[in-house]
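Take a look at the structure below.
Values in this text are rule-based calculations from the coordinates and carry no lab data. Quick caveat, the model's predicted, so the values are computed rather than measured. Cβ atoms come from the backbone with ideal geometry, glycine included; neighbour counts cover every protein chain shown.
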Amino acid sequence: MKELMVVGNMKMYKTATEMKTYLTTLHKLIGADEKITVCVPYTSLHLCKKITNPNIVMGAENIHEEEEGKFTGEISAKMVADLGVELTLIGHSERRQYFGETNLQTNKKIKSALKNKMRVILCFGETRAQRMAGKTNEILQAQVTEGLAGIYENELKSIVLAYEPVWAIGTGEVASTKDVSDATAFVKEVIQKMFSKKAADEMKILYGGSVDPSNAKAIFGVKTVDGGLIGGAALDPQKLLGILRARN
Ligand code: PGA
């Protein structure tokens, strides 16, 4: 059976104090053979060094594309990596939607993260309007090819993709298994064209968008899905673990 990767995205929820309690609960509940990743706001990233449980991995939600510079209020991969954080989300649709993040920026961010020995989860997905206009594949192709432009095949082992249709995020409207299967299989074709069949076979793709313990099993049953990126349901550690265990 494929190994599931389940990642919680805290978004702009939980203070460092609340996050500490959350991690303590997760530590108590998680099984010895289970692994969970939680991406947290910058203010909680220092907790990364305090986690004694190897089954809990902490990641960032974003980084700036430059290493340093006159970018007031921004945080670089170098800064995050210095805290011992080994993973970051990149290109989440909320970054694209509310902060105007472009495919070129996601590309630069990936390169900066890799340079700092971090792994990345590149998020991509179409809006409802783009889907209605029949542009889903075109959008996914652009996000993936431009996001991964100039990346070497041997660097792909540090990259996971996350298909997150924008219309399914935080809406309670989970994509159908057919939509998820079509989109992720298409992205595998894109990876094959860009790199190789081996790269496409080995590329992990997560699904995100209104996943909860009740619908996770069906989603994880899709052949080209290797796990989930979880927003709302991840705010409760019991639910996040419920999603991880949904397949059993
Ligand atoms: P959701 O968010 O699970 O609340 O839909 C997913 C995400 O934004 O990564």
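Using only DSSP helix segments of four residues or longer, with each worth -39500 (n - 2.57), what per-residue ellipticity at 222 nm results for the chain after dividing by its residue count and rounding to 500? Calculated from helices alone, the mean residue ellipticity at 222 nm is -11000 deg cm²/dmol. Between the amide H of Gly227 and those of Met5, Tyr207, distances stay under 5 Å, these residues lying 5 or more places away or on another chain, with hydrogens modeled in the peptide plane. Expressed in Å, the radius of gyration and Dmax of the Cα atoms of the chain are 16.9, 49. Rounded to the nearest 20 debye, the dipole magnitude of the stretch 1-40 is 140 debye, with +1 charges on Lys and Arg beta carbons, -1 on Asp and Glu beta carbons, and the Cα centre as origin.
Basic side chains Lys and Arg get +1 at the Cβ, acidic Asp and Glu get -1 at the Cβ, and with that the dipole of the stretch 1-143 about its Cα centre reaches some 80 debye. In this structure, the amide hydrogen of Ala162, modeled 1.01 Å from its nitrogen in the peptide plane, lies closer than 5 angstrom to those of Leu122, Cys123, Phe124, Leu206, counting only residues at least 5 positions away or on a different chain. Put in line by how crowded their Cβ is, counting other Cβ atoms within 10 Å and starting with the fewest, Tyr207, Tyr98, Tyr163, Tyr22 read Tyr98, Tyr22, Tyr163, Tyr207.
Going from the residue with the fewest nearby Cβ atoms within 10 Å to the one with the most, Thr21, Thr37, Thr127 rank Thr21, Thr127, Thr37. Couplings 3J(HN,Hα) for the stretch 151-158, derived from phi with the Karplus relation 6.51 cos²θ - 1.76 cosθ + 1.60 (θ = phi - 60°), are 7, 7, 4, 6, 8, 5, 4, 9 Hz, where x marks Gly and Pro.
Computed over neighbours whose Cβ is under 12 Å from that of Phe220, the net charge equals +3, Lys and Arg +1, Asp and Glu -1.
Under 12 Å of direct C-alpha separation, and excluding same-chain neighbours fewer than eight residues apart, Lys157 reaches these aspartates and glutamates: Asp201, Glu202. For Thr171, the shell of other residues with beta-carbons less than 15 Å away shows a net charge of -3, using +1 for Lys and Arg and -1 for Asp and Glu.
Local charge for Glu67 was computed over the other residues whose Cβ lies under 10 Å away, with Lys and Arg +1 and Asp and Glu -1, and equals -1.
Pairs of Lys residues in the stretch 17-123, spaced 8 or more positions apart or belonging to different chains, with C-alpha separations under 19 angstrom: 20 in total. Listed by chain and number, the aspartates and glutamates whose C-alpha is less than 12 Å from the C-alpha of Lys197, apart from same-chain residues fewer than 8 away, are Glu153, Glu189. Legend: calculated FRET efficiency, Glu34 to Asp182, from the Cβ-Cβ distance at R0 = 22 Å, rounded to 0.05, equals 0.15.
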